[in-house]
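Before we start, here is the structure in question, set down as structure tokens.
The values are calculated or read from the model by the stated rules, or taken from the named source; none is laboratory data. What you see is a predicted model; the values in this text were computed from it and never measured. Every residue, glycine as well, gets a Cβ built from its backbone with ideal geometry; the counts of neighbours run over all protein chains shown.
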Amino acid sequence: MNIIECTALTKIFQDFWGRDRVRAVDNLDLEVLPGEVFGLLGPNGSGKSTTIKLLLGLLYPTSGAARVLGKAPTNTSIKAHIGFMPEESYLYRYLNAEETLDYYGRLFKLDRYERRRRTAQLIDMVGLKRAAKRPVGTYSKGMARRIGLAQALINDPELLILDEPTTGLDPIGTRQIKEVIKVLGGRGKTVLLCSHLLADVEDVCDRVAIMYGGRRRALGSVHELLERRDTTQITTAQLDDGTIEQIRGLVARSGRKVIAVDHPTDRLEDLFLRVVGRAQREKLETSGAESTGGVSDFLAGKDAADAGASLVASLVAAGRHTESPAASETVSQPVELPAAAKEEVLERLVSRTPTPSEPPSKGPVESPHDRPALNQTVLDRLLKSDSADSHQEEVEDDAAQSE
């Protein structure tokens, strides 16, 4: 099944009198395969953004049809599986970055622990950790684009649609978006990248379609469209003048002519990133967006239950240690977690919040307000026990060093 499929898709905008004024999309046929990073290219006004709005169900086609994830774009059941970053970021200007992502996480019905985890990871990924408490209305355009990208990824979408995602971004932000696209493509997710900046698309897309005047003018893989079959290029280490003349003579005897002999150059983007990276290694401070490495753990497909499993293993290991020294030797060393993460997981364990895979209880429902004292007592005991164990380990270490 194709993730996106357009058949003779057409959109005509009319004036007040019903007369056709603009044919924005004209008889478009398009297919996007599962796990494909697809680039939709074209100059301003070529119909790219209108096509995206048709795929999202924000506009109705004049004729033709479109299907997304096997269903009509207006079907609300597919919305939870789509992430969308519009050409202009529409954000609530009085909310800060953390509140913004938490709000969108609530719309996707993520639980509190998952919202906090994803929010922290995404803010760090887009380089806004220092500005996380500032209202987004005070952000520059580039910073607003960064939080817009985080908002589009909060639900870990199956299909990610990016409309001019690098507009207003510096080369660092552009590189981060490319990294996210590559990671999502590697996980088998589908990305539709709409842009008029060809260099951005060239680095990440598997296939591209070029539009002009609402019509598709070219379609194929990046390599197929860019390869020049009428020219041969040979790359080697630096040659002296005598060797170059011998090569010129050899090429001339074959009836051809050497077009150019020069040295390759770096891309300006690579030079820019090297200069900025050097400044960051020198720990120069900045009040703007920062460069970060990699992408969020949940986007990379890492297990979201690692933190909870580590804490449970820690508690089990502590219990076995007090009961039987021999049994404790078989328990692997648990991973130490920050206090905030421990308290969050313990609170979930004590409150017994059902997980999606856990069937609801058939007995009488107990309100969380009926047991606040019990929950707090158990939580305090667990945290106190963990802190006492850590103190005991420090005492034993000091004793060993003094001996």
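Search region 96-150 for residues being among the polar types (S, T, N, Q) and at pLDDT 90 or above, and hand back the single one that is surrounded by the fewest Cβ atoms within 10 Å (Cβ to Cβ).
Thr138
Of these, Leu197, Leu219, Leu192, which one is of a type in the set (A, V, I, L, M, F, W, C) and modelled with pLDDT under 85?
Answer to the selection: Leu197.
Each row is one residue, and each column tells you yes or no for (1) surrounded by fewer than 21 Cβ atoms within 10 Å (Cβ to Cβ); (2) touching a helix residue (DSSP H, G or I) at 6+ places or on another chain (Cβ under 7 Å); (3) more than 28 Å from Leu226 (Cβ to Cβ).
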| site | (1), (2), (3) |
| --- | --- |
| Asp26 | yes, no, no |
| Leu33 | yes, no, no |
| Ser46 | no, no, no |
| Lys53 | yes, no, yes |
| Leu59 | yes, yes, yes |
| Gly64 | yes, no, yes |
| Lys71 | yes, yes, yes |
| His81 | yes, no, yes |
| Pro86 | yes, no, yes |
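So Pro165 fits all but one of (1) surrounded by 22 or more Cβ atoms within 10 Å (Cβ to Cβ); (2) outside any loop (DSSP other than H, G, I, E, B); what number is the exception?
With respect to (1) surrounded by 22 or more Cβ atoms within 10 Å (Cβ to Cβ); (2) outside any loop (DSSP other than H, G, I, E, B), Pro165 is out only on (2).
Any residue in region 40-52 that is free of Cβ contacts under 8 Å to residues at least 24 places away in the same chain, touching a Pro at 6+ places or on another chain (Cβ under 6 Å) and either of a type in the set (A, V, I, L, M) or in the same structural domain as Ala218 (by TED's automatic domain parsing) (or both)?
Within region 40-52 (the criterion being free of Cβ contacts under 8 Å to residues at least 24 places away in the same chain, touching a Pro at 6+ places or on another chain (Cβ under 6 Å) and either of a type in the set (A, V, I, L, M) or in the same structural domain as Ala218 (by TED's automatic domain parsing) (or both)), the answer is no, since none of the residues qualifies.
Just checking, does region 229-249 include any residue being over 26 Å from the mean Cα position of the chain (by Cα), at pLDDT 60 or above and of a type in the set (Lys, Arg)?
yes
Given the condition surrounded by fewer than 19 Cβ atoms within 10 Å (Cβ to Cβ), part of a loop (DSSP other than H, G, I, E, B) and in contact (Cβ under 8 Å) with a residue 60 or more places away in the chain, answer yes or no: does some residue in region 210-233 qualify?
Yes: one or more hits.
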